[in-house]
Structure formats: C-alpha cells, structure tokens
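First the structure, in the form of structure tokens, and then the observations on it.
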Amino acid sequence: MTYCIFSDLRHYDVKGGSESIGKLHDVYLDDETWKIKWFVVETGNWFSSNKILVGSEQIISFAPNEASFHVALTQKDVENAPSASEHPPVGEQHHNQYSYIAASHNTLLFPGYVGLMLPTTLIEKPGEPVGAEKELEKLAREQADRHLRSAGEIEGYTIHASDGNLGSLSDLVINTEQWTVELLAVDTGKWLPGRTVVISPRSIDRISWQDRELTVEMDKETIENSPELSSLKAIETSYISRLSDYYRFPMVY
C-alpha cells in the first residue's frame, strides 16, 4: 500500500494527457465508508477557475515525485464534468439554507443603500423562497448526499474523546491505491508535545458541522498509548497493521 497526506495532495497538478487541467482543490469523501467520492479540481485558465468534480475511478496514475495526477479526461470531458456546486458537501448544504447580507457589527448593508445602524446583533434566518424557487430548493434537499464531507472543511474540527478534547484534526492520511481515508492525524498542542497521534476514521462516532467537532468512542489515555509514529509522511503498511492490532479492528478497507 502507498499513502499520502491531504495537506500534500492539495494543489497537485491534475493532467489530462499532456495538458494540465488545473489544480486539486479539495476531496469529498463519504463519512460512512471514508472512501473518496470526488476530487475537486480548480480548472484555472481553462474555465475561469471553475471547480469541477472528478471521480476516483478516473485517476489513471498518481505521481507524488511530480506532485501530479493523470486522469482519463479530455478537454471535452472537462467541459461536461459536473460542477462542485452540483454536489455540495454537508457543510455547504446547511449553509445554503440561509440568506446572508454583509454586516459589520451593528451595521446592515443593503444593495443600493448606505449602511443602516441596528441596535441589536444580527441573527441568521432561513430564507423564504416562493413558487418555483421553493420547489427547486426542496428537490435539492431531497437529492443531497447527507454523507458527503469536504476534507478541507473538516480539517481543523475539534476531536472530542469520551473524557475531553484531544485537539484538532490536522491532516488526513489517504490510501492512494484504494482512495480511502486511512487515518486521521490529531494536533494535540500542549497535551503531547512532539508526538504525532493518529486515530482510525472508523472510531468516529459523530460529526457535527454546527459544532465543528468529531466525536470518538475512546478515552484520551487509549489514544496516548497508541503505537509511536515519527512522521505522517513515513507511514507504511506495517504501522497500519500494528495500529489495527492495538485498536482491535481492521483498518485496511
């Protein structure tokens, strides 16, 4: 097995044949299986920085030494590829249910008007679509993928153990042969200075976009005593096996 980390993967060059399609911007994953469903590619000069979705089955080769992917796409395929806006991850699905007006402290800005001073703090309120717009929003909600997560969004989420906060999600370790998220790296701050701590995504019990939090079914001591890891960039299959034995469940999908 070969592995890479999400922070390295971002901004890799994505090539179709000998031409560059754009840069990898994000990956969308299924939070039940932790398989990568979509690669979000920013097409740059091709279509004025449009973000398109590329399925993992379209990846032909992965070249970390060149910081690039090769995909089975022609320019016409890119033109017809689904837009990232057509399949928003969970966080965007919820944010899109609200209407926002630019505000600063107690000043509300309306198009065409100067700032209006308000005596109270603004509160987000659901938009109120009517007619056809309402039907389209209802259809979009029904068709939305409730398990689609953005790796870029959950990076930085707080990881909460059964006996307190562990720290924050600092990176994702990706199996580049099966395109699954194999491990989650934890930034423990002052808790375990100098120590890289990882957990299996299978230990995640709950993900909350509102609280920006991942809840795990373990205590801090269990994670603290997990097998030592010197570097996320030096992960090998043997380490995954030791970690699997320690946590007592398979970690290879």
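Which residues, taken from the stretch 1-40, are under 20 Å from His147 (Cα atoms) and open to solvent by less than 20 Å² (accessible area, probe 1.4 Å)? Please lay out each step first, then the result.
First pass over the stretch 1-40, keeping only residues under 20 Å from His147 (Cα atoms): 6, 25-40.
Listed by number, the residues that qualify are Phe6, Asp26, Val27, Tyr28, Leu29, Trp34, Ile36, Phe39, Val40.
Any idea how many residues of the stretch 225-244 are open to solvent by 90 Å² or more (accessible area, probe 1.4 Å), assigned to a helix (DSSP H, G or I) and modelled with pLDDT under 90?
Looking only at that region, the number is 1.
Could you please tell me which pairs satisfy a Cβ distance under 9 Å, a separation of 6+ or placement on different chains, a first residue in the stretch 55-66 that is of a type in the set (Ser, Thr, Tyr), and a second residue that is part of a loop (DSSP other than H, G, I, E, B)?
Short answer, once both residue conditions are applied: Ser56/Gln178; Ser56/Trp179.
Give the residues of the stretch 189-224 that are hydroxyl-bearing (Ser, Thr, Tyr), open to solvent by 20 Å² or more (accessible area, probe 1.4 Å) and closer than 27 Å to Met1 by Cα, sorted by residue number.
Here is the first cut: in the stretch 189-224, the residues hydroxyl-bearing (Ser, Thr, Tyr) are 196, 200, 203, 208, 215, 222.
Subsequent filtering for residues that are open to solvent by 20 Å² or more (accessible area, probe 1.4 Å) retains 196, 215, 222.
If the condition is that a residue be hydroxyl-bearing (Ser, Thr, Tyr), open to solvent by 20 Å² or more (accessible area, probe 1.4 Å) and closer than 27 Å to Met1 by Cα, then Thr196, Thr222 are the ones that fit.
The values are calculated or read from the model by the stated rules, or taken from the named source; none is laboratory data. For clarity, every value in this text was computed on a predicted model and none was experimentally measured. A quick note on method: Cβ atoms are made from the backbone with ideal geometry, for glycine too, and the neighbour counts reach across all protein chains shown. For the accessible areas, the whole protein counts, side chains as well, though only heavy atoms, and no ligand, DNA or RNA atoms are used. Shrake-Rupley method; radii C 1.70, N 1.55, O 1.52, S 1.80 Å.
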